[in-house]
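This is the structure, below, for whatever I ask next.
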Amino acid sequence: MGKVGRYGEYGGQYVPETVMNAVHELEAAYDKYKDDPDFIAELKALYRDYAGRPSMLYYADKMTKDLGGAKIYIKREDLNHTGSHKLNNVLGQILLAKRMGKKRIIAETGAGQHGVATATACALFGLECEVYMGAEDCKRQSLNVYRMNLLGAKVTPVASGTSTLKDAINEAMRDWCSNIDTTFYCIGSVMGPHPYPAMVRDFQKIISEEIKDQLREREGKLPDCVVACVGGGSNAMGAFYNFIEDKSVRLVGAEAAGRGIDTPDTAATMALGTPGIFHGMKSIFLQDEYGQIAPVYSISAGLDYPGVGPEHTYLRDTGRAEYVPVTDEEAVCAFEYLSKTEGIIPAIESSHAVAAALKIAPEMGKDQILVINLSGRGDKDVYSIARYRGVDLVEE
Amino acid sequence: MKNRIDSCFEQLKANNEKALITFITAGDPDMETTEKLVLEMFDKGADIIELGVPFSDPIAEGKTIQLASQRSLKGGTTLDKIFDVVKSLRTKTDKPLLLMMYVNTIFKYGTERFFKNCAEYQIDGVIVPDLPFEERDEIQPTADKYGVYNINLVSPTSADRVSMIAAESKGFLYVVSSLGVTGTRSDITTDFDKLLAPMKDFDVPCCIGFGISSPELAEKMSAFCDGVIVGSAIVNRVAEGGKDSVPAVGEFVAALKEPLR
């Protein structure tokens, strides 16, 4: 068994020979810079001055009273520059790419949030940027496509397979094989070959670092439960990571059940997936008996992925974290609930976490604390939610 | 029993020939045609044939083989059906047959069960483009147990990895001609003399593949190695002719083999 980048049996580096040297080069660069004081100082300055960190930890008083259970805090990653947690990772990777002398950045994107974050950082650092996006997702998230164009990135729609996130990753990997000398692949989640799952987690773990500090100051204690949505799993990994050793903290990932886990229109990898090797990693995937990757569905383009990061699979198998499926309907209701109750319009991805919290919080004691990681803002989703509710929005 | 791949290269060396290895996607357009295509290609000069096992998400393939995989899967191709066609082929040919496939297909089928079947149906080797040398233990011990070769790949970026990989290679070394995915290229400009310099220390044949689209390019590439591998250019002809592509493919294979004799 390969020795590097394993979480139990999961993880690894299952990539074509053509990119192996590049993967090793990235691994070496990351190992070199992750503890480098200049690198850390530059990243911290960007987090503070450009991204607007630390993100606020907001006490949701109305929601708490309404649900009648745990005190609910909302980690406002939606207030991060570009509107989601994605920029935390991208700034880290782009600083690394710069130090490695790479001039061209490629990325995949589902909902478009990672693509927008990557296009943003490339604009800031003057790097060429190409973003692969499923043709179906380009339609669902046309606003983000336009945003990426505004930021100077080229968006390439991918029409193969199911025309969603996994196909965008396939195409980005093909590009990477073709342009390995010049190109840095900025992966948006805790997935892919090592070192990506570890590196992306490390750039996102600032979320749980901040939650811990902010709660210590406000409440003088740890949370009892942290809830985050899981597609590939980057915001959840970031929100969980610094609590893994604190066994009293319950860690809950909310995955996309689509129209339900008893229907074929689902993306609930944790509920229905089986072990496999795909996109550079051993983890669990939605697939048939012959290992063909299943077409997946969710109202949320950002959770519409047939696999999950290897460290999440490990956390599940070891019982440290639990994962619950949330349907489109539950997510849309949570989207509307948070908008009306707290005046915060959450991303449809993050609405899956809100939906899980709506079930968990009432069962907890009033002296307990639940933190929702609100990974992104919902402006991008207003059209598709309106469509879901049968409202036709036409702009003249 | 001696692996057919080794016997094949010994024979070619004795005849002072270079190997022609051809690829088609199994089940494109259907299994019946696959069987006919294999027999026709062997008849017209192919020395070794790779059957592509279609995968839903073939990250190492260009458009041509992506589309062939989709056509095949749409037609209901499964690994078991491919084993069936190999079983039938083995009553008609004793030449080397390989499967080119993605690691998830083996892993999900069950590595033990997969290689046991390969041995039973007399598959001589597998090529797994998304299983790099460092992760070979995923299949290597089981492949060895059943006498099936795991064909290693090197590429223009392999550099100092070539010796390490060659030292543990059996059958032949698959040399990826240039950066990128499978698919035809008009020319290939990789410095093979430099890339393959370490190969003088190893007794394993080298075959160049990815992008070889014509007899002219096959001839040019053959100067650097012991054989050439042609996939997409053949698959394009299968795509054009469908069930009726057999004569055109045969003709093309004969033309490819000509400069290698």
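Given the Cα-Cα distance of A:Phe125 and A:Arg99 and 0.36 nm per residue of separation, how much length would full extension add, in nm?
8.2 nm
Could you calculate the FRET efficiency of A:Glu329 with B:Asp191 from 1/(1 + (r/R0)^6), where r is the beta carbon distance between them and R0 is 56 Å, rounded to 0.05?
Computed FRET efficiency for A:Glu329 and B:Asp191 comes out at 0.40.
Now, a different point. Please report the spacing between the Cα centers of segment B:49-69 and segment A:91-139 in Å, no decimals.
Answer, in whole Å: 28.
Run lengths n ≥ 4 of DSSP H only: what is the helix-derived mean residue ellipticity at 222 nm for chain B, with -39500 (n - 2.57) per run over all residues, to the nearest 500?
That comes out to -12000 deg cm²/dmol.
Another question, then. Under the Kirkwood approximation for Rh and a Cα-based Rg, what ratio Rg/Rh is obtained for segment A:122-179?
Rg/Rh for segment A:122-179 comes to 0.99.
Can you tell me which aspartates and glutamates have their Cα less than 12 Å from the Cα of A:Lys247? Leave out same-chain residues fewer than eight positions away.
A:Asp224
Report the residues of segment A:317-359 in range of a label on A:Lys62: point 7 Å along Cα→C-beta, backbone N strictly under 12 Å from it.
A:337-345
Using the Cα gyration tensor of segment B:4-260, with a ≥ b ≥ c the square roots of its eigenvalues, what is the shape: rounded (a/c below 1.5), prolate (a/b larger than b/c) or oblate (neither)?
Judged from the Cα gyration tensor, segment B:4-260 comes out rounded (a/c under 1.5).
Provide the packing ranking of B:7-20, B:204-217, i.e. peptides ordered by the mean count of other C-beta atoms within 10 Å per residue, highest first.
Descending mean neighbour count gives B:204-217, B:7-20.
Taking the Cα centroid of segment B:133-170 and of segment B:188-261, what is the distance between the two, rounded to the nearest whole Å?
With segment B:133-170 and segment B:188-261 each reduced to a Cα centre, they are spaced 21 Å.
Could you tell me whether segment B:16-79 comes out rounded, prolate or oblate from its Cα gyration tensor? Rule is a ≥ b ≥ c as square roots of the eigenvalues, rounded for a/c under 1.5, then prolate if a/b exceeds b/c, otherwise oblate.
oblate
Still on this model: Between B:Gln122 and A:Lys154, how high is the FRET efficiency from 1/(1 + (r/R0)^6) when r is the Cβ-Cβ distance and R₀ = 51 Å? Nearest 0.05.
0.55
When the helix-only estimate is applied to chain A (DSSP H runs of n ≥ 4, each -39,500 (n - 2.57), divided by the residue count), what is the mean residue ellipticity at 222 nm, nearest 500 deg cm²/dmol?
Taken over chain A, the calculation gives -12500 deg cm²/dmol.
Greater than 20 Å separation of Cα atoms is the criterion. Which listed pairs, B:Lys18/B:Lys243; B:Lys145/B:Lys170; B:Lys81/B:Lys243; A:Lys44/A:Lys154, meet it?
Over 20 Å apart, Cα to Cα: B:Lys18/B:Lys243; A:Lys44/A:Lys154.
Sticking with this one: Which peptide among B:150-161, B:89-100 comes first, and what is the full order, when sorted by highest mean count of other Cβ atoms within 10 Å? Can you show the working numbers first?
Numbers: B:150-161: 21.0, B:89-100: 19.0.
Put in order of decreasing packing, that is B:150-161, B:89-100.
Considering Cα pairs under 8 angstrom that are at least six residues apart, work out the relative contact order of chain A and quote it in whole percent.
Reported relative contact order: 20 percent.
With +1 on the Cβ of every Lys and Arg and -1 on the Cβ of every Asp and Glu, and nothing else charged, how large is the dipole of segment A:141-187 about its Cα centre, in debye rounded to the nearest 20?
Working: 4 positive and 4 negative charges, 32 e Å.
In debye, rounded to 20, segment A:141-187 gives about 160.
Still on this structure: Of the peptides A:265-276, A:240-251, A:295-306, how do they stack up when ordered by the mean number of other Cβ atoms within 10 Å, highest first?
Those peptides, ordered most packed to least, come out A:295-306, A:265-276, A:240-251.
Would you mind giving the mean number of other chain beta-carbons within 10 Å of the Cβ of each residue in B:94-107, as a whole number?
3
Projecting each Cα onto the charge dipole of segment A:288-375 (Lys/Arg +1, Asp/Glu -1 at the beta carbon, about the Cα centre), which of A:Val326, A:Ser339, A:Ile299 comes out farthest on the positive side?
It is A:Ser339.
Among B:Tyr121, B:Leu195, B:Ser163, which residue has its Cα furthest toward the positive end of the charge dipole of chain B, with +1 on Lys/Arg Cβ and -1 on Asp/Glu Cβ?
Working it through, the farthest residue towards the positive pole turns out to be B:Tyr121.
Given the C-alpha centroids of segment A:271-345 and segment A:209-255, what is the distance between them in whole angstrom?
18
Ok, one more. Considering every residue in B:177-184, what mean count of other chain Cβ atoms within 10 Å of its Cβ is obtained?
Going residue by residue through B:177-184 and averaging, the value is 4.
State which entries of A:Lys103/B:Lys74; A:Lys103/B:Lys200; A:Lys86/B:Lys194; A:Lys65/A:Lys212 exceed 31 angstrom in Cα-Cα distance in the structure shown.
Working: A:Lys103/B:Lys74 40 Å; A:Lys103/B:Lys200 36 Å; A:Lys86/B:Lys194 42 Å; A:Lys65/A:Lys212 23 Å.
Check vs 31 Å cut-off fails for A:Lys103/B:Lys74; A:Lys103/B:Lys200; A:Lys86/B:Lys194.
What Cys residues in the protein assembly as shown are without a partner cysteine, judged by a Cβ distance under 4.7 Å?
By the Cβ distance rule, which asks for a partner under 4.7 Å, the isolated cysteines are A:Cys138, A:Cys177, A:Cys186, A:Cys225, A:Cys229, A:Cys333, B:Cys8, B:Cys118, B:Cys207.
Okay, moving on. Please give the charge dipole size of chain B, origin at the Cα centre, charges +1 on K and R Cβ atoms and -1 on D and E Cβ atoms. Round to the nearest 20 debye. Provide the component values of the computation, followed by the final result.
Values: 29 positive and 39 negative charges, 76 e Å.
In total the dipole reaches around 360 debye.
Taking the Cα centre of chain B as the origin and placing charges on Cβ (Lys, Arg +1; Asp, Glu -1), which of B:Cys225, B:Asn152, B:Pro58 is farthest toward the positive end of the dipole?
B:Pro58
Mean separation of Cα pairs under 8 Å and 6+ residues apart, divided by the residue count of segment B:1-85: what relative contact order is that in percent?
With pairs under 8 Å counted, the relative contact order is 34 percent.
Over all residues in B:57-64, what is the mean tally of Cβ atoms on other chains that come within 10 Å of each residue's Cβ? Spell out each step's value before the answer.
On the way: counts 14, 4, 13, 8, 2, 2, 2, 0.
Counting Cβ atoms of other protein chains within 10 Å of each residue's Cβ and averaging gives 6.
Below 8 Å, C-alpha to C-alpha, sequence gap of six or more: please give me the relative contact order for segment B:4-260 in percent. Each step should come with its number before you reach the end.
Working: 482 pairs, mean separation 62.1, N = 257.
It comes to 24 percent, rounded to a whole number.
Rg over Rh of chain A, using C-alpha atoms and the Kirkwood radius, what does it come to?
0.94
Tell me the label-point distance for the pair A:Asp36, B:Ala223, using the 7 Å Cα-to-Cβ offset, in nm and rounded to one decimal.
Each label point is offset 7 Å from its Cα along the Cβ direction, giving 4.3 nm.
Turning to a different aspect of this structure: Mind checking the full-extension length gain between B:Lys2 and B:Ser214? Use 0.36 nm per residue of separation minus the Cα-Cα distance, one decimal, nm.
Extra length available between B:Lys2 and B:Ser214 comes to 73.1 nm.
Continuing with the same structure: Quick check: residue separation of B:Lys87 and B:Lys74 times 0.36 nm, minus the Cα distance between them. What number comes out in nm?
Full-extension gain reported as 2.4 nm.
Once you charge only the Cβ atoms, +1 for Lys and Arg and -1 for Asp and Glu, what is the size of the charge dipole of the protein assembly as shown about its Cα centre, to the nearest 20 debye?
660
Bear in mind that the values in this text are calculations on the coordinates, not laboratory data. Since this is a predicted model, take the numbers as computed values, not measurements. When we count neighbours, we look across all protein chains shown, and the Cβ atoms used for this are built from the backbone with ideal geometry, even at glycine.
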